[in-house]
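Only one structure is covered here, and it is reproduced in the block below.
The values are calculated or read from the model by the stated rules, or taken from the named source; none is laboratory data. Computed from a predicted model, the values in this text were never measured in an experiment. Counting neighbours? That spans all protein chains shown, and the Cβs are built from the backbone with ideal geometry, glycine included.
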2 protein chains.
Amino acid sequence: MSQFESVTLVKQANVYFDGKVTSRTVLFADGTKKTLGIMLPGDYEFGTDAKEIMEILAGDLKVLLPGESEWTHIQGKGEFTVPGNAKFKLQVAVVTDYCCSYITE
Amino acid sequence: MSQFESVTLVKQANVYFDGKVTSRTVLFADGTKKTLGIMLPGDYEFGTDAKEIMEILAGDLKVLLPGESEWTHIQGKGEFTVPGNAKFKLQVAVVTDYCCSYITE
């Protein structure tokens, strides 16, 4: 899907790591939430509340998922899932465009 | 207005200056268009096609509008207008969150 229709978009950006990671929040009519974001090159650790499905729209990054000892490499497009209440690490090599879906179960 | 409702949001980001300036495109039912964007610190020159109204949601930057010799300083929130088919310069001091409205006349 190349665009989201009939959504509510929160105007103010979410800003993390001095602006090296930023996103906008998108609210859907069914009550679900996504963020569309940009990550600049760098190493980051994130924590989840809800389960998250991270769709990489464009970029190059390595992901260390919780409980894993090996990094997963995504070049171009990709997707990974992070459980709720967990931490994961990213090594972002180039400007990376992502869409994060929050799954409340 | 803190959020836009019933809009279409283009999923893919617009990326400029190696990701130091990024935005997302928002389409409104009346046919108008805005972008919500982030600028990291740096010096930039932009060109317009349509007339643009730049609303600064949060940030600190100086603006040199076309034909002007003096820079305008915006700290926090602010707004400036750029005519169509023109160039303007920005000196962005801190991470700056903006909303750009494109005015077709």
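Conditions: (1) crowded, with 19+ Cβ neighbours inside 10 Å; (2) out of contact with any helix residue (DSSP H, G or I) (no Cβ under 8 Å at 6 or more places or on another chain); (3) in contact (Cβ under 8 Å) with a residue 60 or more places away in the chain. A:Ile56 meets all but one. Number of the miss?
(3)
Which condition does A:Val7 not pass, out of (1) under 16 Å from B:Arg24 (Cβ atoms); (2) of a type outside the set (Ser, Thr, Tyr); (3) under 14 Å from the mean Cα position of the chain (by Cα), if it passes all the others?
(3)
Going through A:Lys89, A:Lys34 one at a time, which residue ends up being farther than 22 Å from B:Val26 by Cβ, in a strand (DSSP E or B) and not acidic (Asp, Glu)?
Answer to the check: A:Lys89.
Test B:Val63 against the stated conditions and say whether it is aliphatic (A, V, I, L, M), over 21 Å from A:Val21 (Cα atoms) and within 13 Å of another protein chain (Cβ to nearest Cβ).
no
State whether the residues of the range B:84-96 include one that is free of Cβ contacts under 8 Å to residues at least 60 places away in the same chain, polar (S, T, N, Q) and away from chain A (no Cβ under 14 Å). Full working, then the answer.
Within the range B:84-96, the first condition is being free of Cβ contacts under 8 Å to residues at least 60 places away in the same chain, and the residues that meet it are B:84-96.
Add one more test, that the residue is polar (S, T, N, Q), and what stays is B:85, B:91, B:96.
If we keep only those that are away from chain A (no Cβ under 14 Å) as well, we get B:85, B:91.
Yes, that holds for at least one residue.
So B:Val15 ticks every box in (1) among the β-branched types (Val, Ile, Thr); (2) within 10 Å of chain A (Cβ to nearest Cβ); (3) surrounded by fewer than 15 Cβ atoms within 10 Å (Cβ to Cβ); (4) under 14 Å from the mean Cα position of the chain (by Cα) but one. Which box is left unticked?
Single failed check for B:Val15: (3).
Restrict the check to the range A:73-81 and report whether at least one residue is touching a helix residue (DSSP H, G or I) at 6+ places or on another chain (Cβ under 7 Å) and away from every other protein chain (no Cβ under 11 Å).
no
For the range A:66-93, which residues satisfy the criterion of being surrounded by 18 or more Cβ atoms within 10 Å (Cβ to Cβ) and either among the hydroxyl-bearing types (Ser, Thr, Tyr) or closer than 18 Å to A:Gly19 by Cβ (or both)?
A:Leu90, A:Val92
Could you tell me which residue of the range A:26-40 is nearest to the other protein chains (Cβ to nearest Cβ), considering only residues that are free of Cβ contacts under 8 Å to residues at least 60 places away in the same chain and out of contact with any helix residue (DSSP H, G or I) (no Cβ under 6 Å at 6 or more places or on another chain)?
Only one residue fits best here, namely A:Val26.
Six or more apart or on different chains, Cβ atoms under 9 Å: show the pairs whose first residue is in the range A:1-25 and in contact (Cβ under 8 Å) with a residue 40 or more places away in the chain and whose second is outside any strand (DSSP E or B).
A:Ser23/A:Ala13
To keep it simple, each residue is scored yes or no on (1) outside any strand (DSSP E or B); (2) at pLDDT below 95; (3) within 30 Å of B:Phe28 (Cβ to Cβ).
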site: A:Val15; (1), (2), (3): no, no, yes
site: A:Asp18; (1), (2), (3): yes, no, no
site: A:Glu45; (1), (2), (3): no, no, no
site: A:Ala58; (1), (2), (3): no, no, yes
site: A:Val63; (1), (2), (3): no, no, no
site: A:Gly84; (1), (2), (3): yes, no, no
